[in-house]
1. Could you grab me the full set of residues in region 57-84 that are under 24 Å from Thr222 (Cβ atoms), surrounded by 17 or more Cβ atoms within 10 Å (Cβ to Cβ) and not aromatic (Phe, Trp, Tyr)?
2. For the structure I just gave you, tell me whether Lys89 is in contact with a strand residue (DSSP E or B) (Cβ under 7 Å, 6 or more places away or on another chain) and of a type in the set (Lys, Arg).
3. Among the residues of region 125-141, write down those that are closer than 20 Å to Glu167 by Cβ and among the charged types (D, E, K, R).
4. Could you look through region 391-408, keep only residues that are touching a Lys or Arg at 6+ places or on another chain (Cβ under 8 Å) and not hydroxyl-bearing (Ser, Thr, Tyr), and pick out the one that is nearest to Val341 (Cα to Cα)?
5. For region 364-386, how many residues meet the condition of being in contact with a strand residue (DSSP E or B) (Cβ under 7 Å, 6 or more places away or on another chain), over 16 Å from Ala288 (Cα atoms) and in a loop (DSSP other than H, G, I, E, B)?
6. Would you please name the residue that is modelled with the highest pLDDT, looking only at residues in region 182-192 that are within 16 Å of Asn213 (Cα to Cα) and part of a helix (DSSP H, G or I)?
7. How do the pairs read when you match residues in region 379-392 that are under 19 Å from Pro43 (Cα atoms) with residues anywhere that are modelled with pLDDT under 95, using Cβ under 9 Å and keeping only pairs 6 or more apart or on different chains?
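The values are calculated or read from the model by the stated rules, or taken from the named source; none is laboratory data. Here the structure is a predicted model, which is why all the values come from computation and not from measurement. Positions of Cβ are generated from backbone atoms using ideal geometry, with glycine treated the same way; all protein chains shown enter the neighbour counts.
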Amino acid sequence: MNIFVKVSICMGLVALFLSCKNKKESIQINDEETTSLSSISFPSEKGSSLPYLFLDKDHLFLSWVTTKDSITSLFFSEYVEDTWLAPIKITSGTDWFVNWADFPKVAKNGKNLLANYLKMSDTTTYAYDIFVIQKQDKNEWFSPFKIHSDTTKTEHGFVSMLPFGEESFFITWLDGRNTKIENHGHEGGGAMTLRGAILSKDGILSEEQELDNRICDCCQTTAAITKNGPVVLYRDRSETEIRDIYIVRNVDGKWTEPKAIYNDNWEIFGCPVNGPSVAAVENTLAAAWFTGANNQAKVQVIFSKDNGETFLTPIQIDGGNPLGRVSIVMVDAENALVSWVEAFGEDAKVQVVKVNSSGKVSSPFVVTDFSRSRASGFPQMKLLNNSVYFAWTNVEDTTTNIKVASIHIDAL
């Protein structure tokens, strides 16, 4: 049976790593609260950035990049018994497109480990392809290969990868093949598109197809696996420049028509570089996103009780001056945790709240002070065994390093 058929912004090599134990120290947080995070020592040196947390059942992974002497390297580590294991270098290169908002990721399904990165395809600034690299259990990494069939010298990126089926992956991405100017006469290039495919444990790509033919150029995609199958959320782009969050769902092996999860009616003549985040458990789907509709910045959360077919009323969670960069995880079928970046004058903080589908929102908990610069990237959050894990890029003067911390969910 056909299970399912159906970037564009601008941004160091690690010399030696040691396994590091969980440090028993606190991080200062919310002035109104006394609860503190547990700082977790992380095995990376200065220059590390762009962390990505991935949870496969009860296995927590973190990938990141470093750049040194024009060589960019992708690493990952697994968190085992309160310890980040010694980092493993996946691959490196001198021709990567390194981007603060569109960064490499890792994913795992059974014994199949997968990673992706962006590689320049031409000397023009925004011409790059998506490459993936796999390994089976303790075997060597396969040779990297391009995930999409398109060969145009255009943008491809903002990948989401999820375990799907027996050691395979569902992959979705933004694809710029229609933006090539010479294909569209004197009117300029066409629109960015959303595409999806399945990648098998043997590195075979199948069922690649277009999911939406006109979307925002450089906002992150996000995906989840529901009881019906995969769903993808992304920022759409109408002919009148309305850029709201849309969803496509795979139901009975076929993709639905794109539909807004809520009509913010945000008209903006340019990409806000601020994609949504989605999570699913049982029949419940929860999504968080940033909008600037009507010149009012908001972070909103919305629940669906039928795997994304219909949605309840949005719930605003921010403090009045959000920058977005959201992340969401499900606690259970009624509750979610949502993190985002909130501005406080010239400064910013990463905050998290617990949201119930009824509309109840907890008081915001401050995870960390945070730089408003692009170099700080997108904070990460995952829930494992009643502990909430955070990872972010810490910016200090002209250098960066990755910070990791956790807190018990009952403290939020």
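1. Correct list: Leu60, Leu62, Ser63, Val65, Leu74, Ser77, Glu78.
2. Values: in contact with a strand residue (DSSP E or B) (Cβ under 7 Å, 6 or more places away or on another chain): yes; of a type in the set (Lys, Arg): yes.
Here the answer is yes, as Lys89 does meet what is asked.
3. Lys135, Asp137, Lys138, Glu140
4. Filtering first and then ranking leaves Trp392.
5. Residues in region 364-386 being in contact with a strand residue (DSSP E or B) (Cβ under 7 Å, 6 or more places away or on another chain), over 16 Å from Ala288 (Cα atoms) and in a loop (DSSP other than H, G, I, E, B): 5 in total.
6. Asn183
7. Partner pairs satisfying both residue conditions: Phe390/Leu37; Ala391/Phe42.
One line per residue, one yes/no per condition, for (1) surrounded by fewer than 16 Cβ atoms within 10 Å (Cβ to Cβ); (2) of a type outside the set (Ser, Thr, Tyr); (3) more than 20 Å from Ile302 (Cα to Cα):
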residue	(1), (2), (3)
Tyr234	no, no, no
Arg243	no, yes, no
Arg249	no, yes, no
Asp252	yes, yes, yes
Pro258	no, yes, no
Asp264	no, yes, no
Phe269	yes, yes, yes
